[in-house]
Structure formats: C-alpha cells, structure tokens
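The values are calculated or read from the model by the stated rules, or taken from the named source; none is laboratory data. Predicted model only: the values in this text are computed from it and were never measured. In this analysis, Cβ positions are derived from the backbone assuming ideal geometry, glycine residues included, and neighbour counts consider all displayed protein chains.
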Amino acid sequence: MTSFKTYNFKGKKAIVRVDFNVPLAKENFEITDDKRMQAALPTINKILSDGGSIILLSHLGRPKNGPDDSYSLSHLTEHLQKITNTKVLFADDCIGAKAEKMASNLSAGEILLLENVRFYAEETKGDDSFAEKLANLGDCFVNDAFGTAHRAHASTTQIAKFFPNNKMCGLLMEAEINSAKKVMEESIRPFTAIVGGAKVSDKVLIVENLMSKADHIIIGGGMAYTFKKALGGDIGKSLCENDRISTCRKILSNAEKMGVKIHLPQDSIVADSFSATAATRVSESDQIDSGWMGLDIGPKASEKFSRVIADSKTILWNGPMGVFEMPPFEEGTKTVANAVAEATKNGAYSLIGGGDSAAAAKKFNVDLQISHVSTGGGALLEFFEGKILPGIAAIER
C-alpha cells in the first residue's frame, strides 16, 4: 500500500473517493450538516498543496431509478468551493465523454466533482467495467470514504485494482483505522464499551466480539429491555425482541465466565406512550407496569454508568441510552456524553462510533471534547464485529 503522506501529487490527477453523503434540506437542498465534507479537507488540501488536481467521487442517498435531482451532487458544489477556497467544476455524469473531457482538461489546483455514482446500478453491484471507466479518469486512487468502507462497490473497492502501485488511504481513512485499532488492539485498561440503540439484533455481534476485549460493557437504549426480560423482569410495553431472549442469556452467561462486567440500567424513565408529551415517571427497569415503556435510563443508572466511565482509560461509545431526540428522554444520553467527555479530559482515549452517538455528542456540545468521532457508523460497527472491510482490504492488497 502506498503512503498518502509521502506520495507526491505534483502533476497528478488524483481520483478521491469521499463520503459526501450529507443531509440536505428538502425545500432548498441546503446542506444541514457538512461534517463529512469538512472531514475530507486535510486530504484535499494535501493533494492541492502538492500541485495536483482532484477528481471527487461520491454517492448521495439511495436513488432507485437512475438520475434524480434530489440526490444530485450539484447541490454540494457551491459549499465545496467555499470550504476549499478552490475552483470546483461539476460534471453532470460520472462516466462518459463529458466527464472524460473535463477530467482531461483539469488543471493543477482545480477540483472536479463528478455526479452521484449511485445513479448507475453498476456502482452498488461492484461492476468491474464501470470501475474501470472511473479509473481511466485519473492517475492514482485515494480512498478517503470510511463511511462506505464496508461496501464492496465499484468506486470503493473494484476501482483500486486498476491502480496496483498508486492506490492509498487518505488522511481521514488513516485516522479512522488508527482510532479503531487503538481501541480494539491497543486499548489501555480498564476498557469500557457503551452500547445502546433500539435492537439487540443490531448490536449482538459487536457485543459478542467486545467481550474478548472489554472490561465493562454498558448496555442502554431499547435493547436493554430484552436483556431485562431475559433475566425475568417485567418491562411493560418496552421494546423487546422475544426471539433474542436466549441470545441475551447466552451473552450474560459468557460475560460472567470471561470476567466481563455487563451493566444494565437499574432504573428507567418510563412513559405511557411514545411521545414527547407523554406522561412520565421513574421506574425500576425490571418492574415496569403494563402499558408503560422505558424510553431512557433513569437517574440511578446514569449515576452508576458515569462512575464506570470515569474509571475507564479506553472508551468506545456506540448507541444512545434513550430517545434523546425527545427532550423528556434525553437526560441519560446527555449524562453519558458528559461523562465520556470528562473521562477524556482526565486522560482516557474515547471513540464515538458515528451515527446516533455522533449526533448526540454534537447535540450536547461534547463532540470536540472526544478523542475521535467517527464519520462511519456502519463501517465502524462492522470493524468492531470483527469483519473485514472491503474498501480497506482493496487498498491493502
């Protein structure tokens, strides 16, 4: 694998796969969160400062039937030009005569943004001939799209084979890989993993894989109630996956054998409906009355989880503690976010695994106090499940 930091891009047309899958306002297509674009700037700036030019590949959303203006990357051009302070050209196709001509005429210091690669079904199918057409536009390939590293798509994986000696990970990708390895392979103990979210089925593999790494696993969110029911608790109408009860019992049993402490919420904020205006009260998590549901961890759980986090030297956080988007049920996630930030301030290494956890960290103003906030929720999740990420493997081969 070529080293991005030592590679000289002078006179080179660098094809850079970025993850510009940013949220857009429906009414005017304005970018509502440009974090992923900002994260690509170090890679972009290095190539331009070397005297190279850049051809950007990305997807946006999940268009189903070819070109769709709602998913056009043209909506990003003006903002990209602003944050890079560089001339940005836009090609309304990612392959074909127009894209080829614009790439061929690209001058050093310029950026060419190509149209959404997912306008072609060949992209998600990982089609080799489509990947080759993309590859023919430039001299080298840089994959800086960690958020799509778990997808074996044409522009993330197959394209790399056409650059056997000129393929590399960008600075964002390097930072993501190094951060993940620091947690999973070089963790300083005690190592605490905080796992939340709605379903056990979404997180069962990560919990099982973490048991060989972590000292403590904190479980919150909707998934905690399946564990509580597995222990014989009454959970009212809280979210529960009955087909995962035996899985939860197995996890708890294995954790005990391995000396891993699983922390479940002792109490919960419960509501009589899934609504921001619902009636609420505090209940023991295994004594929730019929007709009520747990939508956040309670004050006892918040206090205990905070103590565990405070004593940790390595922290992984993936998933909220409750329905933090609704103010009555945000306190548990907010408390955990603050505890992670405080532990980081005191010397712990913390990694937030993208998605809802990253959104919560931003909402509660701790995102800048965390060691690393990942841009790739799904990719990071698969990494922590022990899976090989095809987008990274294609570069390392």
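For the reader, a short list of remarks on this structure follows.
- Residues within segment 93-140 that are over 13 Å from I55 (Cα atoms) and among the acidic types (D, E), tallied: 5
- Residue check for S357: in contact (Cβ under 8 Å) with a residue 12 or more places away in the chain, outside any helix (DSSP H, G or I) and either out of contact with any His (no Cβ under 9 Å at 6 or more places or on another chain) or in the same structural domain as S238 (by TED's automatic domain parsing) (or both): no
- Among the residues of segment 128-145, those that are touching a strand residue (DSSP E or B) at 6+ places or on another chain (Cβ under 6 Å) and closer than 9 Å to F163 by Cβ comprise G138, D139, C140, F141.
- Lone unmet requirement of (1) among the polar types (S, T, N, Q); (2) in a loop (DSSP other than H, G, I, E, B); (3) free of Cβ contacts under 8 Å to residues at least 40 places away in the same chain for S290: (3)
- For segment 156-190, residues that are crowded, with 19+ Cβ neighbours inside 10 Å and touching an Asp or Glu at 6+ places or on another chain (Cβ under 6 Å) total 4.
- Residues of segment 152-195 satisfying the condition of being among the small types (G, A, S), closer than 28 Å to G347 by Cβ and not in a loop (DSSP other than H, G, I, E, B): A175, S179, A180, A193
- Scanning segment 36-67 for residues that are farther than 28 Å from D139 by Cα and out of contact with any Phe, Trp or Tyr (no Cβ under 6 Å at 6 or more places or on another chain), we see that the one that is surrounded by the fewest Cβ atoms within 10 Å (Cβ to Cβ) is N65.
- The listed residue being touching a helix residue (DSSP H, G or I) at 6+ places or on another chain (Cβ under 7 Å) and at pLDDT 95 or above, out of I47, I83: I83
- Some residue of segment 321-332 being surrounded by fewer than 21 Cβ atoms within 10 Å (Cβ to Cβ), part of a helix (DSSP H, G or I), in the same structural domain as T192 (by TED's automatic domain parsing) and free of Cβ contacts under 8 Å to residues at least 40 places away in the same chain: no
- Among the conditions (1) among the basic types (K, R); (2) crowded, with 20+ Cβ neighbours inside 10 Å; (3) touching a helix residue (DSSP H, G or I) at 6+ places or on another chain (Cβ under 6 Å), the only one that K10 does not satisfy is (2).
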